[in-house]
Amino acid sequence: MPTLFDKIWSDHAVAELPSGETLIAVDRVFLHERTGSVALESMAEAGRAPRRPETVFVTMDHIVSTEADRSDTDARSPGGDVFITATRKAARAAGINLIDVLSPDQGIVHVISPELGIAQPGLTLVCPDSHTCTQGALGALAWGIGSTDAEHAMATGTMRLPKPAQMRITLDGRLRSGVTAKDAVLHIISSLGADGAKRCAVEFAGEAVRAMDMEARLTLCNMAVEFAAFTAIIAPDAVTTDYLRGRRHAPKGEQWDAAVQYWQTLQTDEGASFDHEHRFDAGRIEPTVSWGISPAQAAPISGHVPHTLPDGVADYSGLHGGEAMASLPIGGAFIGSCTNARLSDLRAAAAVLRGRRVADGVEAIAVPGSMAVRRAAEAEGLDAVFREAGFSWNASGCAFCFYAGGDTFAPGTRVISSTNRNFKNRQGPGVRTHLASPAVVAASAVTGRITDPAELQ
Amino acid sequence: MTPFTQHTGLAVRLPGDNVDTDQIIPSREMKTVSKRGLGVGLFAAQRYLPDSQAGERVPNPDFPLNRAESAGATVLIAGRNFGCGSSREHAVWALVDFGIRAVLAESFGEIFYNNCIRNGVLPVQLERATLDALPDRVSIDLKAQTVEDHSFDIAPGAKRMLLEGLDPVALTLEHEDAIAAWECADRAARGWAYV
């Protein structure tokens, strides 16, 4: 009995190679200026061209300035403008789809790919970015690769892959009110460990997953790489087709009907077996926040930092062990990234912020995941809620999620962040990141310490 | 790509698990659109003293790579989940530029592992106890799949790629007929997937 992953895999198997690898056809390639630029330049140097340039997309997201009045070369990283201009030039020369800095479609790759209907169920999609697993939420087989492999995918229309092991993670029951996909995935990672799904294709299943809207599913799949998964995937259903219908790159007319018919076959068959199975009771998951220097180091917001801290945590985090999570004072609050910067995330944060102010001494920043998300939020007046609360309201990009020499918080600042990585120095030298949902970020910004939004009701 | 067959070299030990690619090369060290010249940014946040300025950075004497006995090291010994996090291939390009030929660890981030193979760096997964018992100068034989007298696993495709220094694109394009045939059949079966 095949799994969902088996079905997509076998439908894309071009050849079984003597090496034991399978040559897997790649339907879409997405690039960004940070790692795609070198792939495009290196491919051109080798005298090669994309096999199907119409299937290759590139966005400018990683090091573009998020200032609202940015120019088309403004970078937030010293020397970063070269990545932007080189990408623009190479993309035009290669004849691929360019989503430039000032395009109304600009945004973070894993936000705009679903938004524009580029990621679809049953498609294979690769991108030289580790969070490409996000797009598995649509039932696509999407995974992160290096720049050299991006060159391979463009030039050959394929990838050489050993078939990964498979894991199913079932979320039984329903998440409680106020508990989000971000809390669920932090809980899962902290339970299984930072290498808990090593080289596995992970299928998220179960009642709580079925009940999630597409944006929540994208958040759930986004962090699969943080526990070492090859990728994550969710079986397409009515939520998926409703989300994709009418989007720019989604199939149209008869092709739409044919696609939907095929997508309905994309689920794990009864009796299919996985190499690893884990089940979680969704109703027992609490709002969850990280305390350490790995996303696996997380605890319920009502809980405590462990009394004995793992190696490297005390030196970096300024914690001694045993502190109540909800007592930790913060100096920064950030809402953004490919994890949690979609419209529903901004709405959740705005619901907490409406009529409230960010606490004194807290620097608070909001960066919508795409310019389309930004416009949609503004149409609802959310920008005013963020601004009146004391948040900045920026243009879209990956700014503040990782430090590239520009945007950051002061060294040593404890920052509550809707991002995906709390690695040492990730958001800037000495910045102490705590990962959380947008609502927790907003509530913490208001009180000046890590706070469960339920406390403010 | 430089082939990897056999190598004997000085090993440097980097303690700790989950050393991510942001640590291997911080994003701010990625200054040009190039695979070359990145060695100076390798482990920059730990390798240099925090208050030293770019251009004349002062090495942190406590960082393993800076110790006198590590000078000229070509083999890196690490912990669990080495190279997790960002897909940036710059992490491997920085290691190559620094002179590292092989990384021996308890386990690896998958994208980093594949990036090593693509750039002539041998990633070897070994047990902690085995890693701890290795001498300071380590002999590695890829053909025999041994580090000293310990054997290791590697996928046959990756092994051949390293041994022969192959260009994966050229290798795959040998299957041009199969790719074209697949595309032709798939266009008929999945018309909706074509833009």
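None of the figures in this text is laboratory data; all of them are computed from the coordinates on show. Worth saying up front: this structure is predicted, and the values here are computed from it rather than measured. FYI the Cβ positions are ideal-geometry reconstructions off the backbone, even for glycines, and counts take in every protein chain you see.
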Checklist entry - Just one of B:Leu95, B:Leu104, B:Leu163, B:Leu131 is more than 11 Å from chain A (Cβ to nearest Cβ), buried (at least 22 other Cβ atoms within 10 Å of the Cβ), in a helix (DSSP H, G or I) and among the aliphatic types (A, V, I, L, M); which is it? => result B:Leu95
Item to check | Condition check for B:Thr172: more than 9 Å from chain A (Cβ to nearest Cβ), of a type in the set (S, T, N, Q) and at negative phi | outcome: no
Checklist entry - Going through the stretch A:51-65 one residue at a time, which ones are at the interface with chain B (Cβ under 9 Å from one of its Cβ atoms) and in a helix (DSSP H, G or I)? => result A:Glu54, A:Thr55
Checklist outcome for this item: Filtering the stretch A:153-184 for residues that are crowded, with 20+ Cβ neighbours inside 10 Å and within 22 Å of the chain's Cα centre (by Cα) leaves a count of 14
Item to check | Residues satisfying the stated conditions in the stretch A:390-407, i.e. in a loop (DSSP other than H, G, I, E, B) and buried (at least 24 other Cβ atoms within 10 Å of the Cβ) | outcome: A:Ser396, A:Gly397, A:Cys398, A:Ala399, A:Phe400, A:Cys401, A:Phe402, A:Ala404, A:Asp407
Checklist entry - What helices (runs of 4 or more DSSP H) completely inside the stretch A:200-297 contain at least 2 residues that are out of contact with any strand residue (DSSP E or B) (no Cβ under 9 Å at 6 or more places or on another chain), among the acidic types (Asp, Glu) and free of Cβ contacts under 8 Å to residues at least 40 places away in the same chain? => result A:253-263
Next on the checklist: If a residue must be touching a strand residue (DSSP E or B) at 6+ places or on another chain (Cβ under 8 Å), facing chain A (nearest Cβ under 9 Å) and either crowded, with 24+ Cβ neighbours inside 10 Å or under 19 Å from A:Ala404 (Cβ atoms) (or both), how many such residues does the stretch B:80-92 contain?
Outcome noted: 5
Item to check | Complete set of residues in the stretch A:61-74 that are touching a helix residue (DSSP H, G or I) at 6+ places or on another chain (Cβ under 8 Å) and surrounded by fewer than 24 Cβ atoms within 10 Å (Cβ to Cβ) | outcome: A:Asp72, A:Thr73, A:Asp74
Checklist entry - Somewhere in the stretch A:416-438, is a residue in contact with a Gly (Cβ under 6 Å, 6 or more places away or on another chain), among the β-branched types (Val, Ile, Thr) and part of a strand (DSSP E or B)? => result no
Next on the checklist: Could you list, ordered by first residue, the pairs with Cβ atoms under 8 Å in which the first is in the stretch A:366-377 and under 12 Å from A:Phe334 (Cα atoms) and the second is of a type in the set (Val, Ile, Thr), at least 6 apart or interchain?
Outcome noted: A:Ala366/A:Ile335; A:Val367/A:Thr66; A:Val367/A:Ile335
Next on the checklist: Looking at the stretch A:7-50 only, could you name the residues that are within 26 Å of B:Arg88 (Cβ to Cβ), away from chain B (no Cβ under 11 Å) and crowded, with 19+ Cβ neighbours inside 10 Å?
Outcome noted: A:Val29, A:Phe30, A:Leu31, A:Pro50
Next on the checklist: Suppose we filter A:Pro104, A:Pro78 for residues that are more than 27 Å from B:Val92 (Cα to Cα) and either away from chain B (no Cβ under 11 Å) or in a loop (DSSP other than H, G, I, E, B) (or both); which single one remains?
Outcome noted: A:Pro104
